[in-house]
Amino acid sequence: MTLRLSLARCAAWALLLSGWVGLGSFAFVLAPDVISGFALVALWLLLLGAAASVPTRDEPRAWIRRLALAGCAALIVSALALAPRGGGLPALGLALAAWAALTALASGVVRSLRQQQPTAPLPPIGAAALGALCATLALGDPGDLPALAQRLGLLVALASLLLVLLQPAEARRAPLRRCRAGLFDCSLPAWPAGSWRDPLQWPTLLAGLAMLPMMATLPLMVAWCRGEAIAPQAIVALHLAAMFAPALLLQRRLGAWSLRRLSAVCACCLVAGGALVLWADAPWNLLGLAAAHGAAWGLAWAGQLWAPDRRSRAGASPWRAALGYALLTLAVGAVVARFGVQGVAGVHVALGLAAGVAGLTGLLLNRRTPSWQAPARPARRTRYRVPRPPSHRCPRSTRARE
């Protein structure tokens, strides 16, 4: 059962990452301008949040989910093959809706397998890293749309077939456990209520935002770095490896990190990425930015998964998280459409500057335990009495004379 859950998680994460970058590559080529491409990516996030928020209470029958998986996969393969051959935006819109539904169905398969486990499984850090590797192989060069459509179609077909085979047939036996809040294993988090009131948490919360501009602008960065004699496959691999490799290497230690240490490390990564953008030469500034801010997001994401108190209320609808991230995608798109690559650099420099200021403010002014985290009770100190040696007490008159 653990192996089946890991395989389902891997397939779901591969669909999420490859869909975000692959559909964005189609959007920026087929859309009339840059802001329209970002609007299509924001529409995909909205559709994903809406689809993921539908099956939250009752599990559908196994044959219905298997039929829906096969139908969505067929629509995606057909629409992606038609989009670069005259289908244009209508075919891409069909692919967006079908891919959002397929990703939500994959998340449902994962949830069904989780509910059948007798105990709560470990966070999906290793499965997500393996899914990122599969997405890297499928994306390749995002600029070649016909070849990209074939690779993405093959990935969708294999992932859907795997999920159909992994879908459990019998009804759920274990009692229903509420899943993690946010969208898709906290990759788009819904933060704890009141968390922004504590400046010590700001670097971690800002690091959770770093994934949005990185993934949304990755197809554009591939096009910008193409003239610098850097292979597009290397850029995609660097982005995804920076997001998951540090979390994978440190996953056993992140559970023991305090909030102060996690915030300090995330702040250092965000500040380092902003400094590289300002002082390094092209294209090393963008590559260093991807490595530093990708590591910041990965550590913040893994820290959320290991510490339940750093997440919002379990079982919350992902619709709000998707709506917020869609609006942020449109804001980033407006900046990039106005300033180009300098706009991407400016967004990440602003993240680094805000994380540095927040980290220093939290260390100087907020030394108490956050209100949402229960303070640990100090260990009770035991006092030991050392017996005194017997004393020969003299009469009072003798002590007075002495």
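The values are calculated or read from the model by the stated rules, or taken from the named source; none is laboratory data. Note that this is a predicted model, so its numbers are computed, not measured. Methodologically, a virtual Cβ is constructed for each residue, glycine included, from the backbone with ideal geometry; neighbour enumeration extends over all protein chains shown.
Numbers below:
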{"quantity": "Which numbered condition G274 fails, given (1) in contact with a Gly (Cβ under 8 Å, 6 or more places away or on another chain); (2) more than 16 Å from Q304 (Cα to Cα); (3) surrounded by fewer than 19 Cβ atoms within 10 Å (Cβ to Cβ)", "calculated": "(3)"}
{"quantity": "Condition broken by Q117, with the remaining ones in (1) free of Cβ contacts under 8 Å to residues at least 60 places away in the same chain; (2) of a type in the set (S, T, N, Q); (3) touching a Ser or Thr at 6+ places or on another chain (Cβ under 9 Å) satisfied", "calculated": "(1)"}
{"quantity": "Test for M211: is it within 27 Å of S18 (Cβ to Cβ) and out of contact with any Ser or Thr (no Cβ under 8 Å at 6 or more places or on another chain)", "calculated": "no"}
{"quantity": "Pairs where the first residue, in region 209-236, is assigned to a helix (DSSP H, G or I) and the second is of a type in the set (S, T, N, Q) and at pLDDT below 85, C-beta under 6 Å, 6+ apart", "calculated": "none"}
{"quantity": "Failed item, numbered, when T119 is tested on (1) β-branched (V, I, T); (2) part of a helix (DSSP H, G or I); (3) over 21 Å from L69 (Cα atoms)", "calculated": "(2)"}
{"quantity": "Test result for G356, part of a helix (DSSP H, G or I) and farther than 19 Å from D33 by Cβ", "calculated": "yes"}
{"quantity": "Candidates R65, R85 - the one that is touching a residue at least 60 places away in the same chain (Cβ under 8 Å) and surrounded by fewer than 18 Cβ atoms within 10 Å (Cβ to Cβ)", "calculated": "R85"}
{"quantity": "Qualifying residues in region 307-338 (those that are closer than 18 Å to W196 by Cβ and modelled with pLDDT of 90 or more) - the one surrounded by the fewest Cβ atoms within 10 Å (Cβ to Cβ)", "calculated": "L327"}
{"quantity": "Among the residues listed as Q304, Q342, Q373, the single one being part of a helix (DSSP H, G or I) and either surrounded by fewer than 18 Cβ atoms within 10 Å (Cβ to Cβ) or at pLDDT 90 or above (or both)", "calculated": "Q342"}
{"quantity": "Region 127-149 - residue that is small (G, A, S) and outside any helix (DSSP H, G or I) and, of those, nearest to T217 (Cα to Cα)", "calculated": "G143"}
{"quantity": "Selected residue (criterion: surrounded by the fewest Cβ atoms within 10 Å (Cβ to Cβ)) from residues of region 120-146 that are more than 24 Å from R4 (Cβ to Cβ) and of a type outside the set (A, V, I, L, M)", "calculated": "P146"}
{"quantity": "So A256, is it at pLDDT 85 or above and surrounded by fewer than 20 Cβ atoms within 10 Å (Cβ to Cβ)", "calculated": "no"}
{"quantity": "Members of region 47-91 found to be in contact with a Phe, Trp or Tyr (Cβ under 7 Å, 6 or more places away or on another chain) and at pLDDT 95 or above, listed by number", "calculated": "I76"}
{"quantity": "Residue list for region 261-288, restricted to those being closer than 22 Å to I125 by Cα and either among the aliphatic types (A, V, I, L, M) or modelled with pLDDT under 90 (or both)", "calculated": "R261, L262, S263, A264, V265, A267, L270"}
{"quantity": "Where Q117 falls short, out of the listed (1) surrounded by fewer than 16 Cβ atoms within 10 Å (Cβ to Cβ); (2) of a type outside the set (K, R); (3) under 19 Å from the mean Cα position of the chain (by Cα)", "calculated": "(3)"}
{"quantity": "All positions within region 234-249 that are β-branched (V, I, T) and within 12 Å of L17 (Cα to Cα)", "calculated": "V236"}
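To keep it simple, each residue is scored yes or no on (1) in contact with a Phe, Trp or Tyr (Cβ under 6 Å, 6 or more places away or on another chain); (2) charged (D, E, K, R); (3) at pLDDT below 95; (4) closer than 19 Å to A14 by Cα.
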site	(1), (2), (3), (4)
P121	no, no, yes, no
I125	no, no, yes, yes
D144	no, yes, yes, no
A147	no, no, yes, yes
A169	no, no, yes, no
A174	no, no, yes, no
